[in-house]
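Heads up: the structure comes next, in structure tokens.
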Amino acid sequence: ASEGSAASDVGGVPDGSEEAGSEVSSVFNGSEEEAIDCLRAGFGNNSAIDRHVHSCPVFKDCSYDFVEELLMCMKKQLWRAGHVVVEEGASSPVSMFFVFWGCLALSRGGQRFQEYHEGDFLGEAQLLGVLPTWPWAVKTTTACMVVELPRAGFLEVLQGHPEEAEHFRVITEKCTELRRSDWAPLKRCASLRHCSEAFLREVAETCEQRIYLPGQRVVSEASAPRHCLMVLDAGSVAVDIAGRTVRQAEMPSMRVRLTYGEELGDVVNKRRSVHISAAEIAADLETLDVRRASSVRRARASDGDNTSEEIPSSPGYGRHGSTGAESDAAVRTFEAEVPEAAIFGEESLWHLSDISKTSVLARRVCSVRLLHRASLLAVLERHESDRKLVEPYMKLRREEIFRPLDIASLPTFAGCGCSEAFFNFLAAHVEERIIAPPDRL
């Protein structure tokens with residue numbers, strides 16, 4: 001209680017006991033209302049904690065007995081509003097936290113960028129040893145109840161469970177390998193691709209590094225926007241709308257080869273590839289009009305003009321049936337240095353989305369960086385020239401660029417006789433995205 005908190009072992013206090021009630025009172029200095037709120041939130045309800053931990057994606061592939069032993073190592077913590085849980089840059093506590101009531105806020109450099117509420121958890125990277133320190137501060141914004149799993153207890157339980165020990169060893173090695181802090185993937189953002197390297201390097205340093213395990217949701221459909229940009233450095237995710245997968249992203253992805261000057265035969269359906277000059281690309285990059293994405297010229301060989309085409313590189317093959325060496329001799333090619341990352345949520349970053357239209361679900365272990373709007377704006381204050389480059393995006397208004405779509409008036413549905421409820425459903429599930437030149441739809 002001297003630190004503004006009280007703790008008890010998860011299994012050490014009977015449900016609804018006087019002992020649990022006295023601990024709550026000591027936390028809040030006798031505030032009866034707050035104490036009652038915490039009791040109602042389930043400070044003595046161990047069954048809710050059991051269910052939450054057993055269903056956590058971090059432990060979903062573990063045995064029942066293993067998770068039960070972890071529960072015996074956990075401690076309930078009660079904190080009043082304003083309690084500092086973790087200092088920015090601190091190496092301790094080396095723990096994972098489950099939020100059962102109240103709100104925790106993450107901040108960096110004094111800028112708050114993320115909140116965790118009931119049902120959320122954080123610190124899994126510290127628990128696994130992937131992050132040796134806390135790159136951000138954690139502070140309660142309300143009276144808060146969490147359950148803490150220390151790494152020491154986690155490692156002790158692992159000693160008696162060799163299968164789980166091997167499982168987490170593989171995950172830890174994979175996550176450590178996937179950790180990245182490079183700035184190049186940010187160049188793929190429509191709004192940031194013109195910014196200076198110095199600015200992007202500083203922005204990359206402010207990103208929140210997260211590890212998402214298979215089955216864990218990165219974003220939930222119909223939830224409030226997080227106002228952050230998500231950079232998938234490695235792993236695989238599925239993007240769902242209304243419960244159906246509409247696309248997938250996997251990193252590292254296939255490299256794109258730009259080829260020009262020779263016919264490629266059956267490989268590209270008799271198309272002739274086009275050389276797009278550097279001047280043309282630069283001209284496209286200088287505009288911020290997202291509608292010009294379709295201005296990149298493409299034509300078939302039958303048109304008699306030079307055309308442009310991007311084709312995925314197949315290992316060892318260029319022309320149909322030829323080896324890589326033969327292909328290099330037959331056509332002039334160069335490998336485009338495409339950053340190996342997938343970008344999500346740029347619309348949310350600029351407040352162009354009032355609700356999340358998609359769910360993003362991890363299919364494999366994923367390394368994701370989150371660039372929060374508050375962090376980005378703080379860096380922009382120190383880079384005036386870069387701020388001028390992104391100001392057009394800061395001035396965009398959702399009602400101006402993403403006007404309501406009248407589904408019934410589209411030619412596809414004209415006169416089809418479908419119900420108004422059907423059209424309303426479709427209109428509610430339209431995905432809105434920003435795409436800028438020279439990206440292709």
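The values are calculated or read from the model by the stated rules, or taken from the named source; none is laboratory data. Because the structure is predicted, anything quoted here is derived from the model rather than measured. Cβ placement follows ideal geometry from the backbone for every residue including glycine, while neighbour counts extend to all protein chains displayed. We work out accessible area using only protein heavy atoms, side chains counted, and drop any ligands, DNA or RNA first. Shrake-Rupley method; radii C 1.70, N 1.55, O 1.52, S 1.80 Å.
At a glance:
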| read-out | value |
| --- | --- |
| Residue list for region 95-114, filter: at pLDDT 85 or above and not in a loop (DSSP other than H, G, I, E, B) | 95, 96, 97, 98, 99, 100, 101, 104, 105, 106, 107 |
| Extreme residue, most open to solvent (accessible area, probe 1.4 Å), among residues of region 227-256 that are part of a loop (DSSP other than H, G, I, E, B) and within 27 Å of residue 177 (Cα to Cα) | 254 |
| Failed item in (1) of a type outside the set (Asp, Glu); (2) touching a helix residue (DSSP H, G or I) at 6+ places or on another chain (Cβ under 8 Å); (3) buried (at least 17 other Cβ atoms within 10 Å of the Cβ); (4) closer than 22 Å to residue 195 by Cβ, with residue 372 passing the rest | (2) |
| Subset of region 45-94 [in a strand (DSSP E or B), among the basic types (Lys, Arg) and open to solvent by 30 Å² or more (accessible area, probe 1.4 Å)] | 75 |
| Positions within region 125-151 being touching a Cys at 6+ places or on another chain (Cβ under 9 Å) and assigned to a helix (DSSP H, G or I), in sequence order | 125, 128 |
| Near pairs, Cβ below 8 angstrom, 6+ apart or cross-chain, from region 357-384 (under 18 Å from residue 235 (Cα atoms) and in contact (Cβ under 8 Å) with a residue 12 or more places away in the chain) to any residue that is crowded, with 22+ Cβ neighbours inside 10 Å and of a type in the set (Gly, Ala, Ser) | 362/235; 363/235; 364/235; 365/235; 366/235; 367/235; 368/235 |
| Test: residue in region 211-232 that is touching a helix residue (DSSP H, G or I) at 6+ places or on another chain (Cβ under 6 Å), modelled with pLDDT under 70 and within 26 Å of residue 136 (Cβ to Cβ) | no |
| Flag for residue 164 being open to solvent by less than 50 Å² (accessible area, probe 1.4 Å), in a helix (DSSP H, G or I) and more than 22 Å from residue 135 (Cβ to Cβ) | yes |
| Unique match (being among the β-branched types (Val, Ile, Thr) and farther than 15 Å from residue 146 by Cα) among 58, 86 | 58 |
| Residue ID - most open to solvent (accessible area, probe 1.4 Å), chosen from residues in region 175-215 that are among the hydroxyl-bearing types (Ser, Thr, Tyr) and not in a loop (DSSP other than H, G, I, E, B) | 176 |
| From 160, 153, residue being at negative phi, touching a Leu at 6+ places or on another chain (Cβ under 9 Å) and not polar (S, T, N, Q) | 153 |
| Residue tally, condition touching a Pro at 6+ places or on another chain (Cβ under 8 Å) and open to solvent by less than 20 Å² (accessible area, probe 1.4 Å), over region 95-122 | 1 |
| Residue check for residue 143: open to solvent by less than 40 Å² (accessible area, probe 1.4 Å) and touching a helix residue (DSSP H, G or I) at 6+ places or on another chain (Cβ under 6 Å) | yes |
| Every pair of residues 6+ apart whose Cβ atoms lie under 7 Å, when the first sits in region 94-116 and is within 20 Å of residue 132 (Cβ to Cβ) while the second is of a type in the set (Asp, Glu) and open to solvent by 60 Å² or more (accessible area, probe 1.4 Å) | 108/88 |
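Residues checked against (1) at pLDDT below 90; (2) touching a Cys at 6+ places or on another chain (Cβ under 9 Å); (3) within 16 Å of residue 190 (Cα to Cα); (4) of a type in the set (A, V, I, L, M, F, W, C):
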site	(1), (2), (3), (4)
399	yes, no, no, no
403	yes, no, no, no
406	yes, no, no, no
410	no, no, no, yes
415	yes, no, no, no
423	no, no, no, yes
432	yes, no, yes, no
435	yes, no, yes, yes
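Residues are listed down the side, and each one gets a yes or a no for (1) part of a loop (DSSP other than H, G, I, E, B); (2) of a type in the set (D, E, K, R); (3) surrounded by 14 or more Cβ atoms within 10 Å (Cβ to Cβ):
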position: 367; (1), (2), (3): no, no, yes
position: 385; (1), (2), (3): no, no, no
position: 391; (1), (2), (3): no, yes, no
position: 405; (1), (2), (3): yes, no, no
position: 415; (1), (2), (3): yes, no, no
position: 423; (1), (2), (3): no, no, yes
position: 438; (1), (2), (3): yes, no, yes
